[in-house]
Amino acid sequence: MAYGTAFQVPPGVHLPELDGTNWGQWEQRWVAILIINNAGKLLEHDTMPAGRDIDEWNAVQRRINAYLAVYIKPEIYSIVADKTVFPTVKSKF
């Protein structure tokens, strides 16, 4: 996973804000960005995989949730922002 790296959208890649009408384009680019940042497994696990460090797992979840907050319209993000209902990146996605 992307624990020790700076998670980022690669230069030159435009990730549009998810507005509810552009899911296909947004989802395709978001998955590619996660894979490029070695974080694609976050879409496969609702719980921390065995053998992972809990602090690192939580740090990656926080960073990606911050990106989601930036790249999703606020009125849409507010639906998945509740960590008790959607606690992981996978559940938000």
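The values are calculated or read from the model by the stated rules, or taken from the named source; none is laboratory data. Source: prediction; values computed, not measured. With ideal geometry, Cβ positions are generated from the backbone for all residues, glycine too; neighbour counts draw on all protein chains shown. We work out accessible area using only protein heavy atoms, side chains counted, and drop any ligands, DNA or RNA first. Shrake-Rupley method; radii C 1.70, N 1.55, O 1.52, S 1.80 Å.
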Which whole-number value in Å² is the accessible area per residue of the stretch 1-85, probe 1.4 Å?
60 Å²
Using a probe of 1.4 angstrom, how much of the accessible area of the chain is carbon and sulfur, in percent?
55 percent
Integer Hz, Karplus 6.51/-1.76/1.60 couplings in order for the stretch 23-32, x for Gly and Pro:
4, x, 5, 5, 4, 4, 6, 5, 4, 4
Taking a probe of 1.4 angstrom, what is the accessible area of HIS14 in Å², to the nearest 10?
120 Å²
Expressed to two decimals, the chain has a Cα Rg over Rh, using the Kirkwood radius, of 0.94
The stretch 23-56 residues near the modelled ALA69 label - backbone nitrogen below 19 Å, point 7 Å along Cα→Cβ
56
Heavy atoms of the protein only, probe of 1.4 Å, neighbouring chains included. What is the accessible area of ASP82 in Å², nearest 10?
70 Å²
Check: the chain dipole with +1 on Lys, Arg Cβ and -1 on Asp, Glu Cβ, in debye:
80 debye
Tell me the GluC sites (Glu not before Pro) within the stretch 34-86 that lie in a loop according to DSSP and have at most 10 other beta-carbon atoms within 10 Å.
GLU44
ILE72 long-range amide H proximity, modeled H, under 5 Å
LEU18
Summing -39500 (n - 2.57) over every DSSP H run of at least 4 in the chain, dividing by its residue total and rounding to the nearest 500, the 222 nm mean residue ellipticity is -14000 deg cm²/dmol
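Provide the net charge surrounding LEU42, with neighbours chosen by a C-beta distance below 13 Å and charges set as Lys +1, Arg +1, Asp -1, Glu -1.
+3
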Mean separation of Cα pairs under 8 Å and 6+ residues apart, divided by the residue count of the chain: what relative contact order is that in percent?
38 percent
When Lys and Arg each count +1 and Asp and Glu each count -1, what net charge do the other residues less than 15 Å away from ASN58, Cβ to Cβ, add up to?
+3
Check each of the trypsin sites (Lys or Arg not before Pro) in the stretch 58-93 and keep only those in coil by DSSP with at most 16 other C-beta atoms within 10 angstrom; list them in order.
LYS83
Spin-label pair ILE36/ILE54, simplified geometry with 7 Å Cα→Cβ offset, distance in nm
3.4 nm
Counted charge near HIS14, where neighbours are those whose Cβ lies closer than 15 Å (Asp, Glu -1; Lys, Arg +1):
-2
